[in-house]
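First comes the structure, then the notes that go with it.
The values are calculated or read from the model by the stated rules, or taken from the named source; none is laboratory data. Worth saying up front: this structure is predicted, and the values here are computed from it rather than measured. Don't worry about glycine lacking a Cβ; one is built from the backbone with ideal geometry, like all the others, and counts go over all protein chains shown.
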């Protein structure tokens, strides 16, 4: 009798574990913050976006915020990272801690000389692939102008972005863009081409009033 | 070789080629006319008969289904009538036990009251005053010596004694009368008591008579059902449909209650089973909340079954009374525990909502305290109350559910009957379409080859007068010879 009971319990547990899946319904968001030059002045907007994302993410989701600086392909550039607990109350606590970490960073941030967007994207892909959530989103808060220091190789590296959704946020126009707007459109087209060539999807969201669009499935 | 190559017999003129083909085709059709007519007629007859046969089979199935539905309907009606009659007998039994069990006591009270009345009656009877004995003495003394002064004194003494005795007698008489009046006045409540007891008995007997009238009525309908009368069938069918719609309506309300209940506990269940785990594509917390509600409904069913209010599970109805009572308590204890858990979850839901609101407020820059609303305890208490009450409210789902299940058998049967009738009609219609379609095809066939047919008719008409003339000549020759 005891054996039968054990067998039944084991079968039920096996069935439940087979049916239960957490990753396919979870979402992973990796946000890149451009800290080069004068773009640091825009970081209060980035804070708003981070808070919005925090409010929208659910238990089980993952979120990381990293900075883009001279060389961004490094774990050290990740400012804060979290995978929210299954219990909503603990997840809320984690969100509060996350926000505090971001506030501290924004208060003490120093501008960097160069902008390694490709390195940041590679790091984002690595992080999200490791977490393997159901939906992978990379948010890039930048003017999308890549400036690499001498010796950094990025141009020839293809991006592997199958299943990734890349959203460029608050892509501000530079002074040179005002002189020749084609620079702006060419820049965006370049990044679109790179992301889509890697198998990912590309979007631009400049109107921060429409952040809800980030979470529409 | 393409179709165009075959078609264009004269490459220079497609029209001429077409005409040649048409003539060939019409000629072939004309030659094949008798066989084609026979084939079309046979095919249409075959299809017509097949459809007719199928329609008849469907109608037979419909008849069988109707019979079966009637049997089920009557069986259900018989069972319901038996239950009602059984319940009425139980009531009569209870009434007899309650009312007639007191009958000996009432009878004793009545006897006591009557005995006391009798006693009082005897006590109040008037005793006639005794006649004065002094008259004969006075007469005798007066005869001894009428002129003696001593006699006068004796008579005077006798007179005085008589006056005194009369006074005493009058006093005694008055006292006795007063006592009798007191006894009579004491009899009044006893009479009232007797009248009250008789009235009470009358009421009880009338109640029993009313119950017996109701039983007579139920027995009459029960006999109707047993006799399978059309009236009983009609009544049961109509009652079943009414039950189906009413039970469906109440079940819809109950489902609404269950949905509210679900929303009360789904959010806090995430704290218990985690908000990120899924089972077969559905959130585990939602499934857990649903399971809790379904368990409550199941407990409600068992409770109602054990109380013998519903009869969905014959096993429970057939249980020993002691075991059944235990089951009632067990089901009630489970329900109470689940209701308490739900109440706690509803409280937790409010706390979590507050925490969420506080977090969102802090994220949008309003500060943690900005989201805490005043008089929050009212919603918390309301949610807790609902969480506690709804499981008990769901218990009563068992009653409409039973009605729905029982009546749906009849309704589904009627629907199936209707569908079969429709199918039979369609089959008959198709059969007729085939029959008349065959005739129409034959006419269309003749229409296609109208030219050779017309020629044939003309030739036949021309050949007919010649033949008739030959026959006439033969007749004339015969007459001449004769």
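It is to be established whether one or more residues within region A:59-74 are part of a helix (DSSP H, G or I) and surrounded by fewer than 18 Cβ atoms within 10 Å (Cβ to Cβ).
Pass one, region A:59-74, residues part of a helix (DSSP H, G or I): none.
No, region A:59-74 has no match at all.
Among what's in region A:66-94 and is more than 14 Å from chain B (Cβ to nearest Cβ) and without any contact (Cβ under 8 Å) to a residue 40 or more places away in the chain, pick the residue that is farthest from residue B:363 (Cα to Cα). Let's see the steps before the verdict.
If we filter region A:66-94 for residues that are more than 14 Å from chain B (Cβ to nearest Cβ), which is where we start, we get A:66-81.
Okay, now just the ones that are also without any contact (Cβ under 8 Å) to a residue 40 or more places away in the chain, so A:76, A:80.
Values: A:76: 26, A:80: 16 Å.
Of everything passing the filter in region A:66-94, A:76 is farthest from residue B:363 (Cα to Cα).
Residues checked against (1) in contact with a helix residue (DSSP H, G or I) (Cβ under 7 Å, 6 or more places away or on another chain); (2) at pLDDT 85 or above; (3) within 14 Å of chain A (Cβ to nearest Cβ); (4) over 30 Å from residue B:302 (Cα atoms):
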residue: B:373; (1), (2), (3), (4): no, no, no, yes
residue: B:383; (1), (2), (3), (4): yes, yes, no, no
residue: B:402; (1), (2), (3), (4): no, yes, no, no
residue: B:411; (1), (2), (3), (4): yes, yes, no, no
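Could you tell me whether residue B:232 is assigned to a helix (DSSP H, G or I), buried (at least 19 other Cβ atoms within 10 Å of the Cβ) and modelled with pLDDT under 90? Talk me through it step by step, then tell me what you get.
Values: assigned to a helix (DSSP H, G or I): yes; buried (at least 19 other Cβ atoms within 10 Å of the Cβ): yes; modelled with pLDDT under 90: yes.
So residue B:232 fits the description; yes.
Do you know which residues across region B:253-282 are out of contact with any helix residue (DSSP H, G or I) (no Cβ under 7 Å at 6 or more places or on another chain) and crowded, with 21+ Cβ neighbours inside 10 Å?
Across region B:253-282, the qualifying residue is only B:276.
Do the conditions hold for residue B:164, that is, is it over 30 Å from residue B:218 (Cβ atoms) and at pLDDT 75 or above?
Details: over 30 Å from residue B:218 (Cβ atoms): yes; at pLDDT 75 or above: yes.
The answer is yes for residue B:164.
Residues that are under 30 Å from residue B:234 (Cβ atoms) and under 46 Å from the mean Cα position of the chain (by Cα): which helices (runs of 4 or more DSSP H) entirely in region B:1-102 hold 1 or more of them?
Working: elements: B:3-7, B:14-31, B:33-95.
So the answer is B:33-95.
Taking region A:205-214 as the region of interest, how many residues are touching a helix residue (DSSP H, G or I) at 6+ places or on another chain (Cβ under 8 Å) and closer than 14 Å to residue A:137 by Cβ? So that I can check it myself, show each step before the final result.
Of region A:205-214, the ones touching a helix residue (DSSP H, G or I) at 6+ places or on another chain (Cβ under 8 Å) are A:205, A:208, A:211, A:214.
Right, trim to closer than 14 Å to residue A:137 by Cβ and you get A:205, A:211, A:214.
Going through region A:205-214 one residue at a time, the tally reaches 3.
Taking only region A:105-123 into account, find how many residues are assigned to a helix (DSSP H, G or I) and closer than 18 Å to residue A:156 by Cα. Steps first, answer last, please.
Within region A:105-123, the subset assigned to a helix (DSSP H, G or I) is A:105-108, A:117-123.
With closer than 18 Å to residue A:156 by Cα added as a condition, the list becomes A:117-123.
Number of matching residues: 7.
Cβ contacts < 9 Å: first residue on the phi > 0 side of the Ramachandran plot and touching a residue at least 24 places away in the same chain (Cβ under 8 Å), restricted to region B:208-236; second residue surrounded by 15 or more Cβ atoms within 10 Å (Cβ to Cβ) and part of a helix (DSSP H, G or I), any location; separation 6+ or different chain. Result?
From residues that are on the phi > 0 side of the Ramachandran plot and touching a residue at least 24 places away in the same chain (Cβ under 8 Å), the pairs are B:228/B:70; B:228/B:74.
I'm trying to understand the selection: among the residues of region A:156-183, which are part of a loop (DSSP other than H, G, I, E, B) and touching a helix residue (DSSP H, G or I) at 6+ places or on another chain (Cβ under 8 Å)?
Step one: filter region A:156-183 for residues part of a loop (DSSP other than H, G, I, E, B), giving A:156-163, A:170-174, A:180.
Of everything in region A:156-183, those that are part of a loop (DSSP other than H, G, I, E, B) and touching a helix residue (DSSP H, G or I) at 6+ places or on another chain (Cβ under 8 Å) turn out to be A:157, A:158, A:159, A:160, A:161, A:170, A:171, A:172, A:173, A:174.
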